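Please treat every number below as a calculation from the coordinates, not as lab data. Nothing here was measured: the structure is a model prediction, and the numbers come from that model. With ideal geometry, Cβ positions are generated from the backbone for all residues, glycine too; neighbour counts draw on all protein chains shown.
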Amino acid sequence: MSTDQASWEAAVRHLYEDAYAFIATGPRTQEDWRADALAVMERAVPDPRGWTGQDDTADDPERAARPAFPFGPPRSADPFRPLTPADVGERLREIDRASAEDLLLALTDQGCTLRSLERFAESSEELRDLARTVLARYGDAVTCHTNVTVGAPGTGTLDFTSSHWSYSPMTFYWEDSGLVVVSDTEVGLFWNLADQ
């Protein structure tokens, strides 16, 4: 499956119109993708294709002191310490593509559950097609990483039927959940931020 700019932007806009979100893509220039993810968090690189994401924290005054805001170091660290690639990697784990599709849908609202899909007029299969459209931008040979655990930890699969849910905070907000999609040429971030 491939996608074009209009389809991708329409899918992102529709899925995340009610979310308080950070959605951005940057180029993959480093062997360590975590450094590229950090560059996206810091808004230091433009979208390599010029496609529009979503940044609901763009005008937050906190960005003056913390370029990666709302992303921050682990809660046990000095909150003004610059975020490092290691900080990014230590709070993420790899998941499979089907779980990434589910997660893109769960990120459409706070709480990181698929119950949020009930507010959409489309069927679950139509919404899943939108998630596939979003992922198609990055191609088939991608790795997907999240700070969320749903179901049994360590399996690489998210089980949204499970009541066991946890996350490793990546932002200064009370709660956040997200997905990093890594291809050979791009790094995409999809983050739902609980707006306090």
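Note on the chain: with charges restricted to the Cβ of Lys and Arg (+1) and Asp and Glu (-1), its dipole about the Cα centre is near 360 debye.
Could you check the spin-label model distance between Trp174 and Ser124? Points 7 Å from the Cα along Cα→Cβ, value in nm. If labels sit at Trp174 and Ser124, their model points lie 2.9 nm apart.
For Cα Rg over 2.2 N^0.38 Å, computed directly from the structure shown, the correct entry in (1) 1.07; (2) 0.95; (3) 1.20 is (2). Given +1 at the Cβ of Lys and Arg, -1 at the Cβ of Asp and Glu and no other charges, the dipole of the range 66-141 around its Cα centre is 400 debye to the nearest 20.
Gyration tensor over the Cα atoms of the range 1-44: the corresponding equivalent ellipsoid has semi-axes (square roots of 5 times the eigenvalues, largest first) of 23, 15, 7 Å. May I ask for log10 I(q)/I(0) of the range 82-133 at q = 0.15, 0.17 Å⁻¹, from a Debye sum over the Cα atoms as equal point scatterers with solvent left out? The Cα Debye sum returns log10 ratios of -0.52, -0.61. Length gained on full extension, Ala136 to Ala65, computed as 0.36 nm times the residue gap minus the Cα-Cα distance: 22.0 nm. Around the amide H of Gln110, modelled in the peptide plane, lies no amide H under 5 Å away from a residue 5 or more places distant or on another chain. Distance from the Cα centroid of the range 143-163 to that of the range 13-84 is 22 Å (rounded to whole angstrom).
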